[in-house]
1. Determine, yes or no, whether ILE211 is farther than 24 Å from HIS341 by Cβ, outside any strand (DSSP E or B) and of a type in the set (A, V, I, L, M, F, W, C).
2. Which residues, counting only those in the range 354-371, are within 17 Å of the chain's Cα centre (by Cα) and of a type outside the set (A, V, I, L, M)?
3. Only one of these conditions is not met by VAL263: (1) out of contact with any strand residue (DSSP E or B) (no Cβ under 6 Å at 6 or more places or on another chain); (2) surrounded by 15 or more Cβ atoms within 10 Å (Cβ to Cβ). Which number is it?
4. Within the range 181-195, which residues are under 15 Å from LYS218 (Cα atoms) and without any contact (Cβ under 8 Å) to a residue 24 or more places away in the chain?
5. Would you be able to tell me the number of residues in the range 362-387 that are assigned to a strand (DSSP E or B) and either touching a Gly at 6+ places or on another chain (Cβ under 9 Å) or touching a residue at least 40 places away in the same chain (Cβ under 8 Å) (or both)?
6. What residue, of ALA213, ALA158, ALA186, is over 15 Å from GLY66 (Cβ atoms), modelled with pLDDT under 95 and of a type in the set (A, V, I, L, M)?
7. Return a yes/no flag: does the range 298-310 have any residue that is modelled with pLDDT under 95 and among the polar types (S, T, N, Q).
Amino acid sequence: MTAISHPDTPQPSWHNTPSGTMTAAVLEENPSPEKSPLDSFTYQTDYPKPTLPSQDWCLVRVRAAGLNRAELRGRAALPPGKGELNIFQNEYHEDPPAILGEELVGEVAEAGSDSGFQVGEIVTAFIYGGGKAHDGAYAQYSIAHKRRLYRLPFKDSADVERRTGWNVLGAIPMSMWTAYGSIFEAGRLGHRGKGKDETLLIHGGTSSVGIWAILLAKEQGFKVVATTRKEKKTQRLKDAGADHVILDQDLETSIPKLFPDGVDVVLELVGPDMIQRALSWTARYGSVVCTGVLTKNWDVEGFRPAMIPTCRNLTFYGMTNRGSLGPDDEGLEQVEPTLKHIVEKVEDGTFGKEVFLDRMFELKDIGKAHEYMENNEAVGKVVVLVP
């Protein structure tokens, strides 16, 4: 795949001229880690509706927003890494905008003349900056740049309602694509000459990315080990298809017994501070992919590269869902065909919605949705429905 750089990407105007009003869940002033999620948002029906910063953009009528852990950090006013802003890195700043939300599904309400999209198309948007560089998905309308806007295989809104529903559709795009890129593109699962005997360990298997990683790896016939901290969640991981489910506290003893030579790919979702442990579970020529971090703390502690045996030839990746850490489009030509394939598998029952969709909330209850995620209750995706 060839990386295509776009150094002159038009950046959204932070103060674009509003046109009309909309309903939105608005972040309260002075956010902080100490403020409860229930006290962090106000539900407004007269928030300014955004306009297009340039003709490369679309205005999308949001129908559902999939929640992501990075939004919990944004609500707590914890600064993002510059790479998180993706193609909007030139607008890096530490303070969150008024509306969070990095991911949406909906309909194109207005299409810029240079966007390549048409009004009425069903789309998903990865709006980095959604909740970082510009207002995000917790609203009836959001702007999305053409380079991070993808068509979904539906004719119109009625077709969505008939075939999957917005709630199910909202639980798919970003988590699925992050899992896909992590295990197949970065982790190279299946490319070590071992066929279907390759093994994937998912540390943090109950997250939405973890659940999709199980589903995708098992569809291809690979062996999957998934972990959780809670006994009550083990059956959900088995239902998703994991061959082995291990409680976190048992990892140090269970992995060597099950896989004396280590596993081929470790998908590290719990946090960067777990990297050293993850490397110790990895087989020769194995890969560790760190992405979809579940904790608010992104600092790496206890990581000692010199302690890694050089003879094992390990590879470490910091995976994101846009190909690489740079503001480019590497690998993203696969997003639309992959989404089409996944939607077909959801419709034929291969991927059961009861496996990857955990719970839905109304937009007015966004604080409760954040609280639910922070309490680590979910197994799969939490979706917010937008009126």
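The values are calculated or read from the model by the stated rules, or taken from the named source; none is laboratory data. Just so it is clear, the structure is predicted and the values come from calculations on it, not from any experiment. Heads up, the Cβs are rebuilt from the backbone with ideal geometry, glycines too, and the neighbour counts pull from every protein chain shown.
1. No: the conditions fail for ILE211.
2. PHE356, ASP358, ARG359, HIS370
3. If we test VAL263 against (1) out of contact with any strand residue (DSSP E or B) (no Cβ under 6 Å at 6 or more places or on another chain); (2) surrounded by 15 or more Cβ atoms within 10 Å (Cβ to Cβ), just (1) comes out false.
4. GLY195
5. Going through the range 362-387 one residue at a time, the tally reaches 5.
6. One residue alone meets the criteria, ALA186.
7. Checked against the condition, which is being modelled with pLDDT under 95 and among the polar types (S, T, N, Q), the range 298-310 yields at least one hit.
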